[in-house]
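Participant: Below is the structure I would like to discuss, written out as structure tokens.
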Amino acid sequence: MIGERALKVVLVIVGMLFLATVYPLVQIHLEESLQMMLSIYVTLGVFLLLASRNPSANRSLIAFTAWSSFTHAGVMAVQSLHDLPERAHLLTGAVAFAVIGIVLVVLAPAKAQVLDPSSPPLRRYMSGTNEA
């Protein structure tokens with residue numbers, strides 16, 4: 001229960017951070033490719049906020065956010081090797097995205113158990129006989 005509560009808090013925080021990228025998107029003239037990337041993060045932020053209501057029903061979205069954060073961190077780390085003036089900015093961003101990915105993977109909800117209706121205990125329960 002504590003893990004689910006922590007995940008909900010993390011989803012709200014990350015969702016708000018991603019949603020906050022709408023400000024530079026509409027206020028600052030940016031390169032077209034950066035505008036496209038920020039629009040994806042704004043959209044992802046909205047869906048993370050929605051997912052915070054019921055994380056178990058949104059496992060795929062949480063997994064996508066975690067693994068895309070790892071990918072983004074990796075790209076930023078590689079870019080930091082080639083762009084010396086922006087190295088500190090890129091490495092800071094890479095660490096931030098890696099932390100987001102790690103936290104989401106650690107707190108991700110477990111896969112729901114699917115009960116087999118043909119299993120003997122469940123069949124007895126459904127038929128109304130609780131004999132062993």
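Participant: Where in segment 1-78 are there helices (runs of 4 or more DSSP H), lying fully within it, with 3 or more residues that are at pLDDT below 95 and closer than 18 Å to Gly93 by Cβ?
Facilitator: Details: elements: 2-19, 22-27, 32-51.
Helices (runs of 4 or more DSSP H) meeting the threshold: 22-27, 32-51.
Participant: Among what's in segment 22-55 and is among the hydroxyl-bearing types (Ser, Thr, Tyr) and farther than 18 Å from Val99 by Cα, pick the residue that is surrounded by the fewest Cβ atoms within 10 Å (Cβ to Cβ).
Facilitator: Just the residues of segment 22-55 that are among the hydroxyl-bearing types (Ser, Thr, Tyr), to begin with: 23, 33, 39, 41, 43, 52.
Within this subset, residues satisfying the condition of being farther than 18 Å from Val99 by Cα are 23, 33, 39, 43, 52.
On the way: Tyr23: 11, Ser33: 8, Ser39: 13, Thr43: 13, Ser52: 19.
So, considering only residues that are among the hydroxyl-bearing types (Ser, Thr, Tyr) and farther than 18 Å from Val99 by Cα, the one surrounded by the fewest Cβ atoms within 10 Å (Cβ to Cβ) is Ser33.
Participant: If you don't mind, there's one more thing I want to ask. Restricting attention to segment 56-65, report how many residues are surrounded by fewer than 21 Cβ atoms within 10 Å (Cβ to Cβ) and within 11 Å of Leu104 (Cα to Cα).
Facilitator: Looking only at that region, the number is 4.
Participant: Let me ask another. Looking at segment 22-38 only, could you name the residues that are of a type in the set (S, T, N, Q) and touching a helix residue (DSSP H, G or I) at 6+ places or on another chain (Cβ under 8 Å)? Walk me through it before giving the result.
Facilitator: Of the residues in segment 22-38, the ones of a type in the set (S, T, N, Q) are 27, 33, 35.
Hit for segment 22-38 is Gln35, nothing else.
Participant: If I go through segment 80-112 residue by residue, how many of them are assigned to a helix (DSSP H, G or I), within 14 Å of the chain's Cα centre (by Cα) and surrounded by 14 or more Cβ atoms within 10 Å (Cβ to Cβ)? Quick ask: steps written out before the conclusion?
Facilitator: Step one: filter segment 80-112 for residues assigned to a helix (DSSP H, G or I), giving 80-82, 84-107.
So of that shortlist, the ones also within 14 Å of the chain's Cα centre (by Cα) come out as 96-107.
Checking which are surrounded by 14 or more Cβ atoms within 10 Å (Cβ to Cβ) leaves us with 96-98, 100-105, 107.
So the count comes out to 10.
The values are calculated or read from the model by the stated rules, or taken from the named source; none is laboratory data. Worth saying up front: this structure is predicted, and the values here are computed from it rather than measured. Glycine gets a Cβ as well: all are built from the backbone with ideal geometry, and neighbour counts include every protein chain shown.
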